[in-house]
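Everything below concerns the one structure shown next.
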Amino acid sequence: MTRSAAVDAIFPDEDKVPAAFRMEPLHQTEYLIDGALRHWDGPMAEVFSGMCVRTAAGVTQKRIGAYPMLTEHEALEALDAAVRAYDSGGGAWPTMPVAERIAHVEAFALRMVEKRHEVVSLIMWEIGKSHADATREFDRTVAYIRDTIDALKELDRAGSRFTIQEGIIGQIRRAPLGVVLCMGPYNYPLNETFTLLIPALIMGNTTVFKPPRLGALLYRPLLEAFRDAFPPGVVNTVYGRGSKVTPPLMASGKVDVLAFIGSSAAADALKKAHPKPHRLRSVLGLEAKNAAIVLPDADLDLTVRECVLGTLSFNGQRCTALKMLYVHRDIIDAFLDRFNQAIVALKIGMPWEEGVNLTPLPAKEEVQRHVDLVADAVAHGARVVNVGGGAVNETFFYPAVVYPVTAEMRLYHEEQFGPTIPVAAFDDIETPIRYIVESNYGQQASIFGSDPDIIGRLIDPLVNQVCRLNINSQCQRGPDTFPFTGRKDSAEGTLSVSDALRVFTIRTLVAAKANDLNKALITDIVRERKSNFLSTDFIF
Ligand code: G3H
């Protein structure tokens, strides 16, 4: 089948969707507050998948369910439940021995695994992620929970000893911060939310979490597991329009940590709504505009392979995607030729199709955003240089390789977050370096080349502009044990399995002058296990 025929035929007849992936609409009326699933009979948000189907009425976005449009009132009830469970740090959850908190999280993970198929199917229908990638997202999340537990055991072992300095006995541990408001993005609706939620919880914070608008239904199968695995009020959910339900939470002044992955504009507005900004900790993953610099001696096969992965994995909807390709002018024609051929070889289809690479976008507005970005670049002198680039069929947008992209164009500055690929040629290495220096974003970059002298000289200035420099490799977050962060408008705080345990806590210690009274007192407290904090208990 030709590429354009494949675009035209991408949406199947409704009855041709494989039985294993057929979807009965999920009418969710439940939400979790204070350990109870409440029923909502108010207004609902209808969910239409970006995955269209052919019916007698024509091609339509399939309706896959609905979820509650809660109001400020229910959002504040969720927050108050979290505040009560934290109880100014004296609640059962924040004072619980670490081993017991781990047991609750393990119980949750076991229940979560039982819901693998349902959650993976919902990821596919809600955001159009391929079955392979949606399964990877689920499994990566379960592995993240296990790794977090191991990292916490390690941290706790290190904190279970006393130090004596200058005649003062001290025991130093990490203590929770309070109530955490967690919000993840649509492109990793499960994984990125959990990389915030799980470390926040396991360290003793209580939480309110709001699933992303695209990617809300997939939490329905997990609500009972949250309810049963955690004490009341430790996990609370809020559904509804973010702009309505989250500002009142921040304005209450009762949120201690904002854990958010999304746009910097939304993060700024939420932070500003807090009446005492100095009390608020923020853990943020924001926009990025990661550039690839392709040097004249780059291995073109490898470079094209990595650039295709970097620009088009999950249709380019990754914060870590390569979002600007700077290619040396000596090889620009050869690069574009091979890159475009590699795109032609990508399989177009629905998320459940074997080996599919390019799938529909989750909403028509996303397609329109890409149409507008390409039109703006073309109006300013660029061309779409791949065959069929930018072709649209309902919610499907075929990747558009746009060249040459210049500073007048939106694509040069804006995070496109999807299958539009800006390319520019350079003569002097200073040009792409200036691009990175002048960018508002500072997450990652990639350099492709083979001369150790040149690459060595580029590393030192660039590592002070971005937080991960990838050599002959696409940008990416993983492995999840590596630090994931950014400079400028790209992030606040660092996330990795072990760093996340740190950002949701504060170092806290118990200290006493080493006199006989205090030695006897501490010995008694520890020996008789009178405190969970002041303790030498060891978790294996
Ligand atoms: O959307 C941003 C994700 O953190 C990227 O993760 O590089 O593993 O796709 P990834």
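Computed from the coordinates by the stated procedures, all read-outs in this text should not be read as laboratory data. In this text, all values refer to a predicted model and were calculated from it rather than measured experimentally. Here the Cβ is made from the backbone with ideal geometry for all residues, glycine too, and neighbour counts use every protein chain on show.
To the nearest 20 Debye, how big is the dipole of the chain about its Cα centre, given +1 on the beta carbon of each Lys and Arg and -1 on that of each Asp and Glu?
Working: 57 positive and 65 negative charges, 280 e Å.
Using only the charged Cβ atoms, the result is roughly 1340 debye.
For the pairs LYS210/LYS488; LYS129/LYS364; LYS16/LYS347; LYS153/LYS271, note any where the Cα-Cα span goes beyond 22 Å.
Details: LYS210/LYS488 26 Å; LYS129/LYS364 16 Å; LYS16/LYS347 19 Å; LYS153/LYS271 32 Å.
Pairs exceeding the cut-off: LYS210/LYS488; LYS153/LYS271.
Just to confirm the number: angle between the C-alpha axis of helix 300-312 and the first principal axis of the chain, 0 to 90 degrees, nearest 10?
60
What is the magnitude of the charge dipole of region 389-540 about its Cα centre, with +1 placed on the Cβ of each Lys and Arg, -1 on the Cβ of each Asp and Glu, and no other charges, expressed in debye to the nearest 20?
Details: 14 positive and 19 negative charges, 196 e Å.
In debye, rounded to 20, region 389-540 gives about 940.
So how many Å³ per residue does the convex hull of the Cα atoms of region 53-125 work out to? It would help to have the intermediate numbers written out before the result.
Working: hull volume 8.9 nm³, N = 73.
About 122 Å³ per residue, rounded to a whole number.
Helix 264-273: angle to the longest alpha-carbon principal axis of the chain, degrees 0 to 90, nearest 10?
It is inclined by approximately 30 degrees.
How big is the Kirkwood radius of region 71-285, worked out from every pair of different alpha carbons and given in Å to one decimal?
Working: mean 1/r = 0.0559 Å⁻¹.
For region 71-285, inverting the mean 1/r across all distinct Cα pairs yields 17.9 Å.
Jot down the per residue volume, in cubic angstrom and as a whole number, of the convex hull over the alpha-carbon atoms of region 19-168. Don't skip to the answer; put the middle values down first.
On the way: hull volume 25.9 nm³, N = 150.
Measuring per residue, one finds 173 Å³ for the Cα hull of region 19-168.
In what sequence, highest mean first, do 358-367, 229-238 appear when ranked by Cβ atoms within 10 angstrom?
Working: 358-367: 22.1, 229-238: 24.2.
Going by the mean number of other Cβ atoms within 10 Å, highest first, we get 229-238, 358-367.
Taking Cα atoms, how many degrees apart are the long axis of helix 452-462 and the longest axis of the chain, rounded to 10 and kept between 0 and 90?
60
Just from its helices, what would the mean residue ellipticity at 222 nm be for the chain, if runs of 4 or more DSSP H residues each count -39500 (n - 2.57) and the sum is divided by every residue, rounded to the nearest 500 deg cm²/dmol?
On the way: 18 runs with 207 residues, N = 540.
Theoretical 222 nm ellipticity from helices: -12000 deg cm²/dmol.
Within region 111-183, report the trypsin sites (Lys or Arg not before Pro) that DSSP leaves as loop and that have at most 12 other Cβ atoms within 10 Å. All intermediate terms of the calculation are to be shown ahead of the outcome.
Numbers: sites: ARG111, LYS115, ARG116, LYS129, ARG136, ARG140, ARG146, LYS153, ARG157, ARG161, ARG173, ARG174; in loops: LYS115, LYS129, ARG161.
Listed in order of number, the matching sites are ARG161.
If you consider only alpha-carbon coordinates, what radius of gyration and Dmax does the chain have, in Å?
25.1, 86
Among residues other than LEU373 whose Cβ falls under 12 Å from its Cβ, what is the net charge (Lys/Arg +1, Asp/Glu -1)?
On the way: positive: LYS323, ARG369, ARG410; negative: GLU366, ASP372, ASP376, GLU414, GLU415.
Net charge around LEU373: -2.
Compute the normalised compactness of region 290-490: alpha-carbon radius of gyration over 2.2 N^0.38 Å, N being the residue count. Please report the intermediate quantities before stating the final value.
On the way: Rg = 16.0 Å, N = 201, 2.2 N^0.38 = 16.5 Å.
Compared with the compact-globule rule of thumb, region 290-490 sits at 0.97.
Sorted by average packing, counted as other Cβ atoms within 10 angstrom per residue and highest first, what order do 262-275, 515-528 take?
Top to bottom by mean Cβ count within 10 Å: 262-275, 515-528.
Could you work out the local net charge near VAL497, counting Lys and Arg as +1, Asp and Glu as -1, over the other residues with Cβ closer than 13 Å to its Cβ?
0
How much net charge surrounds ALA56 when only other residues with a Cβ under 13 Å from its Cβ are counted (Lys, Arg +1; Asp, Glu -1)? The partial results should precede the final answer.
Details: positive: ARG54; negative: ASP13, GLU14, ASP15.
Its environment carries a net charge of -2.
Order by neighbour count: TRP125, TRP352, TRP93, fewest other Cβ atoms within 10 Å first, most last. Walk me through the numbers before you get to the answer.
Values: TRP125 28, TRP352 21, TRP93 24.
Lowest to highest Cβ neighbour count: TRP352, TRP93, TRP125.
Rounded to the nearest 20 Debye, what is the dipole magnitude of region 188-347 about its Cα centre when Lys and Arg each give +1 and Asp and Glu each give -1 at the C-beta?
I would put it at about 1040 debye.
Pop the C-beta distance of ASP87 and ILE454 into the FRET formula with R0 = 60 Å and round what comes out to the nearest 0.05. Write down the numbers at each step before the final one.
Values: r = 58 Å, r/R0 = 0.97.
Calculated transfer efficiency: 0.55.
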